[in-house]
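*Asks:* Dropping the structure in here first, questions after.
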């Protein structure tokens, strides 16, 4: 009996220590993210030409990692670009306030370049033309009004006439107007200066002082003499009337011929002519200013 109990204990201990049979295990190989996986190329900027500019000018960037959809940022302002391959792109500076901006590139995959400082200069005024670009010295009123055409004009822009600021009227960023001040004849200079002290190139303006005869007509007849009305421009006080090389000074009379010249204004002179007889004949008339500038000679047929 004792031996049977011992044998039962031994068998029970053996069964307890034996390994249990388990289902076969399938090994599954997992693929982790490799540290050497391909990353998108960085954006590198090697040169910025020019490193500063004004609105409307073009900037070219050279470097690497550019794509067709790469854009440039000036501060928070996104600017479209023109991409010429993976190494060069360009853009036009938009109309933004002058100042220092952080400039960087951004690709469509989210890659951003290093940030660089870019100086945006104030827009320089550009004066292109004057209309008219010349006036007669004796012009008055609206005849002395001139329009300047260009771009980048500001409400606070000033007009410089021979270097001195004169009153002007701002009409638009492309248009200013002014009245020509009373100045000597000849060539003068016109410029536009903006509030930031940026100045346009010089435009030439000419004040014409040479006298010009437009017409000569016969006026009143006073039996012993009659009037020839000389119309034109730039006739000066003290001018001389040349009649077939005979000099008649305005405001005086010829003691032998009794002819007299009356100055009315810079556009009108009256020649009081005392003929020997009233048979029509041909003669030439010319106006010569005290400055020695002479008008065109006009052929007249009258007594």
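*Asks:* With no solvent and one equal point scatterer placed on each C-alpha of segment 212-302, evaluate the Debye formula and give log10 I(q)/I(0) for q = 0.10, 0.20, 0.21 Å⁻¹, two decimals.
*Replies:* -0.21, -0.91, -1.01
*Asks:* With no solvent and one point per C-alpha, what does the Debye sum give as log10 I(q)/I(0) for segment 142-196 at q = 0.26, 0.29 Å⁻¹?
*Replies:* Each listed q maps to, in turn, -1.10, -1.30.
*Asks:* Beta carbons within 10 angstrom, averaged per residue: use that to sort the peptides 211-224, 95-108, highest first.
*Replies:* Descending packing order for the listed peptides: 95-108, 211-224.
*Asks:* With only alpha-carbon atoms counted, please give the Rg and Dmax of segment 92-188, in Å.
*Replies:* 20.6, 70
*Asks:* Show me, bin by bin at 10 Å from 0, the whole-percent P(r) of segment 44-120 based on Cα pairs.
*Replies:* 20, 61, 18, 0
*Asks:* Rounded to the nearest 500, what is the 222 nm mean residue ellipticity of the chain from helices alone, with -39500 (n - 2.57) per DSSP H run of 4+ residues and division by all residues? The partial results should precede the final answer.
*Replies:* Working: 1 runs with 16 residues, N = 303.
It comes out at -2000 deg cm²/dmol, rounded to the nearest 500.
*Asks:* Moving to a separate point now. Over the alpha-carbon set of segment 182-260, work out the extent along each principal axis and list the three values in angstrom, largest first.
*Replies:* Taking max minus min along each principal axis of the Cα atoms, segment 182-260 gives 70, 22, 19 Å.
*Asks:* Stick to the Cα atoms of the chain, pair each with every other, and give me the Kirkwood hydrodynamic radius in Å at one decimal.
*Replies:* About 27.9 Å for the chain.
*Asks:* Something else: Which order do 178, 118 fall in if you start with the one that has the fewest other Cβ atoms within 10 Å? Working shown, then result.
*Replies:* Values: 178 18, 118 21.
The order, fewest Cβ neighbours first, is 178, 118.
A short reminder: the numbers here are calculations on the coordinates, not readings from a lab. Since the structure is predicted, the reported quantities are computational estimates derived from the model, not experimental observations. Glycine gets a Cβ as well: all are built from the backbone with ideal geometry, and neighbour counts include every protein chain shown.
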